[in-house]
Amino acid sequence: VVLRQPHCLSEIAFAALLQYGPDGNSSQSRTSREQVRRIKSGSSPQLERIAQRSAECSAAGKLGATFGRDVVLVPVPRSRPLKAGALWPAMRIAEELVRYGLAREVMRLLERREPIQKSALQRTAKSRPAPHDHMRTIVVVGSLAVAATRIVLVDDVVTRGATFLGCASLLHRVLPHVAISAFAAVRTMSGQEIESMFAPDTGVITYANGRLHREP
């Protein structure tokens, strides 16, 4: 018996406020890595600053139409099942974004049931989790009576976008009439130097023939 993989969306729009160079040697690339470590450690001043700058950029149209009073933010699960009291940067970022008026509320609709490898720690594309791996290890939880027209997935860092696509596909199954997009505090710029960490932009993550592509 051949088991068919569940349907995965072919693309999702996303926005990101910052960028970082995991491989660069310039002062900006090195500084960006330190800033990302602070974000992942849940530094309150850092996360509040992300929300503040996001609000400023959103007002100036630099993050497109990502945010709005009609938006429900859904934090992306960590790579391992969440333990009580454990740090969850995506949730913290989402809460700060709501506090700055960028969305209506935060809803925990996704939960990791099985651990998965962290994409950032894998050196090759083949070794990194694919969208279907996230769909297999994450479940939709909580109330599905979401009175919203738009959902924005939130994460601290986006690498290729497999997590965003997997999560969006799961939510689309149960909420097919809700528009789903994504926001990451930071996007990874592998194999290059960066001139500035502050680089608000919008783009798209696509998935075709088993290949992921994020632009920018």
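Things to note:
- A residue that is hydroxyl-bearing (Ser, Thr, Tyr), within 25 Å of VAL146 (Cβ to Cβ) and open to solvent by 40 Å² or more (accessible area, probe 1.4 Å) can be found somewhere in region 89-107.
- Residues located in region 73-97, provided they are in a loop (DSSP other than H, G, I, E, B) and closer than 25 Å to SER58 by Cα: VAL76, PRO77, TRP88
- Enumeration of residues in region 173-206 that are more than 14 Å from VAL158 (Cα to Cα), within 18 Å of the chain's Cα centre (by Cα) and exposed (fewer than 14 other Cβ atoms within 10 Å of the Cβ): PHE198
- In region 1-40, the residues that are within 23 Å of LEU102 (Cα to Cα), open to solvent by 30 Å² or more (accessible area, probe 1.4 Å) and touching a Pro at 6+ places or on another chain (Cβ under 8 Å): LYS40
- Condition check for GLY142: assigned to a loop (DSSP other than H, G, I, E, B), over 20 Å from VAL72 (Cβ atoms) and open to solvent by 50 Å² or more (accessible area, probe 1.4 Å): no
- Test: residue in region 114-123 that is modelled with pLDDT of 95 or more and either open to solvent by 80 Å² or more (accessible area, probe 1.4 Å) or over 20 Å from MET91 (Cβ atoms) (or both): yes
- Every residue from region 175-216 that is in contact (Cβ under 8 Å) with a residue 40 or more places away in the chain, of a type in the set (Gly, Ala, Ser) and assigned to a strand (DSSP E or B): SER181, ALA182, ALA184, ALA185, ALA199, GLY203, ALA208
- Failed item in (1) closer than 25 Å to PRO129 by Cβ; (2) not in a helix (DSSP H, G or I), with ALA65 passing the rest: (1)
- Leading residue by the ranking (farthest from VAL146 (Cα to Cα)) among those in region 74-83 that are open to solvent by less than 60 Å² (accessible area, probe 1.4 Å) and touching an Asp or Glu at 6+ places or on another chain (Cβ under 9 Å): PRO81
- Candidate set: region 24-63, residues that are of a type in the set (Ser, Thr, Tyr) and touching a Phe, Trp or Tyr at 6+ places or on another chain (Cβ under 8 Å); chosen: the one nearest to PHE183 (Cα to Cα): SER54
Residue-wise test of (1) of a type in the set (Asp, Glu); (2) touching a residue at least 40 places away in the same chain (Cβ under 8 Å); (3) more than 17 Å from PRO75 (Cα to Cα); (4) assigned to a loop (DSSP other than H, G, I, E, B).
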site: ILE12; (1), (2), (3), (4): no, yes, no, no
site: PRO22; (1), (2), (3), (4): no, yes, yes, yes
site: ASN25; (1), (2), (3), (4): no, yes, yes, yes
site: VAL36; (1), (2), (3), (4): no, yes, yes, no
site: ILE39; (1), (2), (3), (4): no, yes, no, no
site: GLN46; (1), (2), (3), (4): no, no, yes, no
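- For region 43-73, filtering for residues that are open to solvent by less than 10 Å² (accessible area, probe 1.4 Å) and either touching a helix residue (DSSP H, G or I) at 6+ places or on another chain (Cβ under 7 Å) or more than 26 Å from LEU171 (Cα to Cα) (or both) leaves 7.
- Test for THR137: is it among the hydroxyl-bearing types (Ser, Thr, Tyr) and open to solvent by 50 Å² or more (accessible area, probe 1.4 Å): no
The values are calculated or read from the model by the stated rules, or taken from the named source; none is laboratory data. This one's a predicted model, so the numbers in the text were calculated from it and none came from an experiment. Using ideal geometry, Cβ is built from the backbone for each residue, glycine included, and neighbour counts are taken over all protein chains shown. The area values use the complete protein model at the heavy-atom level, side chains included, leaving out ligands, DNA and RNA. Shrake-Rupley method; radii C 1.70, N 1.55, O 1.52, S 1.80 Å.
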